[in-house]
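**Student:** A single structure is presented below for examination.
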Amino acid sequence: MQADHRSRPSCNGAGRNLARLRSRASGFFESLSVAELVRETRRHVWISDWSRIADEHLAFAATARKDGSAQDAREAWLCGLAALEVARSLACPGDLDGTDLAEKVGQGLRGFADDAGPAIERVEIDGPDEAVLAGFFLPARHHGSSAPVVICVGDEGMALGSMMSRLLPGSLCGTMSLLFIDVGQPSVRRPSRQEQALHGWLDYLEARSDVDPQRIAIYGEGAGAAHASRLAFSDRRIAAAICDGGVAMPAMRRAWLSRTIGMGPSVDDGTAAASLVPSRRIACPLLVVVGSRSMVWEQDALELQAGYRQAGADCSVAVPNRIPHPLGEVENFVAVDDFIFEWLDGKLGAERKVDAVTYL
């Protein structure tokens with residue numbers, strides 16, 4: 001999708017303010033340029049502007065709560081989280097705004113959880129070696145007797161709240177449930193334990209009466225994308241996977257070579273392309289999101305997809321619009337999240353055609 005990409009529509013009149021805010025944020029990202037991003041003063045102005053927008057929504061949420069309007073409060077909390085995520089995506093490690101932004105994100109998540117009432121469940125299961133694993137379950141807002149569910153696995157070393165603050169606003173009117181988990185905690189650091197923990201979460205979901213066991217998907221970010229791939233490889237209960245397809249390690253090896261000998265990603269390092277594609281294939285439909293979401297380069301994702309398509313398998317690739325600058329890069333996370341939910345809707349809900357490769 002290019003400029004015609006649209007935010008997901010609101011449902012039954014709910015989420016209109018949030019949809020407008022997310023559309024505004026997406027347009028803001030599309031208008032950014034490298035020349036503007038390198039100007040520290042200008043970047044700080046943007047951070048301040050989006051922080052102010054967040055403060056306004058968070059304040060309205062608190063007022064709506066006092067007035068007894070839980071629905072307005074919930075939407076306002078999510079609007080605040082969405083605006084904070086824009087500000088946080090613009091902030092760099094040296095910015096003084098970082099700590100304040102993190103505190104506000106925590107405030108927004110706590111406020112949303114309080115006003116969502118029992119809608120957000122803190123759930124626990126038994127993990128490896130008698131460890132207790134915790135997660136957060138957000139049921140679908142509109143479903144019948146059971147609904148599809150997505151297991152969301154965050155990046156190691158990143159607070160789970162960071163993933164929740166970005167995905168929750170995108171799922172306000174979703175038809176699928178979300179389970180947020182962290183497999184990077186000390187008790188499950190080893191790969192074998194991480195996989196065991198993920199199988200345990202699958203068992204937990206299968207036992208819930210409000211979950212359709214035939215429509216369980218997994219979505220991983222950063223290192224979590226590799227965990228998602230391993231689960232999709234090993235467990236046929238996964239109906240769809242957003243992951244790295246098992247190519248993270250070859251991609252990281254190539255990146256190390258690039259840093260070591262100055263080889264760019266487009267230069268052949270002497271490694272056969274086939275060696276970058278895993279010998280096993282994931283049985284369910286999979287989506288590889290290029291960049292920080294999975295630590296996979298576009299070239300590796302396209303090579304993986306070519307192997308899957310040759311075998312007649314279902315593999316899609318999404319390439320975000322990333323704006324580079326000397327301090328890193330900025331990504332239109334709104335467009336990425338919208339596309340991810342659209343892809344999941346197509347695989348877990350009503351069928352819809354998705355392009356083989358999508359540039360966001």
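The values are calculated or read from the model by the stated rules, or taken from the named source; none is laboratory data. Just so it is clear, the model here is predicted, and its values are computed rather than measured. Quick reminder, even Gly has a Cβ in these numbers, built from the backbone with ideal geometry, and neighbours come from all protein chains shown.
**Student:** Kindly indicate whether ASP4 is charged (D, E, K, R) and either modelled with pLDDT of 95 or more or part of a helix (DSSP H, G or I) (or both).
**Tutor:** no
**Student:** Counting only residues that are free of Cβ contacts under 8 Å to residues at least 60 places away in the same chain, under 24 Å from the mean Cα position of the chain (by Cα) and part of a strand (DSSP E or B), which one in region 115-134 is surrounded by the fewest Cβ atoms within 10 Å (Cβ to Cβ)?
**Tutor:** Taking the candidates together, the pick is ARG122.
**Student:** Then there's this: Can you report the number of residues in region 210-236 which are of a type outside the set (Phe, Trp, Tyr) and out of contact with any Asp or Glu (no Cβ under 7 Å at 6 or more places or on another chain)?
**Tutor:** 14
**Student:** Sticking with this structure for a sec: List the number of the failed condition for SER192; all other conditions in (1) at pLDDT below 95; (2) under 28 Å from LEU101 (Cβ atoms) hold.
**Tutor:** (2)
**Student:** Return the pair list, or none, for Cβ contacts closer than 8 Å from residues in region 346-358 that are over 21 Å from ASN321 (Cα atoms) to residues that are modelled with pLDDT under 75 and loosely packed, with under 15 Cβ neighbours inside 10 Å, at least 6 apart or on different chains.
**Tutor:** GLY346/ARG352; GLY346/LYS353
**Student:** Quick check, is ARG20 assigned to a helix (DSSP H, G or I), surrounded by fewer than 18 Cβ atoms within 10 Å (Cβ to Cβ) and out of contact with any Gly (no Cβ under 9 Å at 6 or more places or on another chain)?
**Tutor:** Yes; evaluated as a whole, the condition is true for this residue.
**Student:** ARG110: surrounded by fewer than 20 Cβ atoms within 10 Å (Cβ to Cβ), out of contact with any Lys or Arg (no Cβ under 8 Å at 6 or more places or on another chain), part of a helix (DSSP H, G or I) and at pLDDT 85 or above, yes or no?
**Tutor:** Here the answer is yes, as ARG110 does meet what is asked.
**Student:** Something else now. Please report, ordered by residue number, the strands (runs of 3 or more DSSP E) entirely within region 255-360 with at least 1 residues that are modelled with pLDDT under 90 and farther than 21 Å from ARG230 by Cβ.
**Tutor:** Result: 322-325, 328-331, 357-359.
Conditions tested, residue by residue: (1) among the basic types (Lys, Arg); (2) without any contact (Cβ under 8 Å) to a residue 40 or more places away in the chain.
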| position | (1), (2) |
| --- | --- |
| ALA59 | no, yes |
| ALA62 | no, no |
| ARG65 | yes, no |
| GLN71 | no, no |
| ALA83 | no, no |
| LEU90 | no, no |
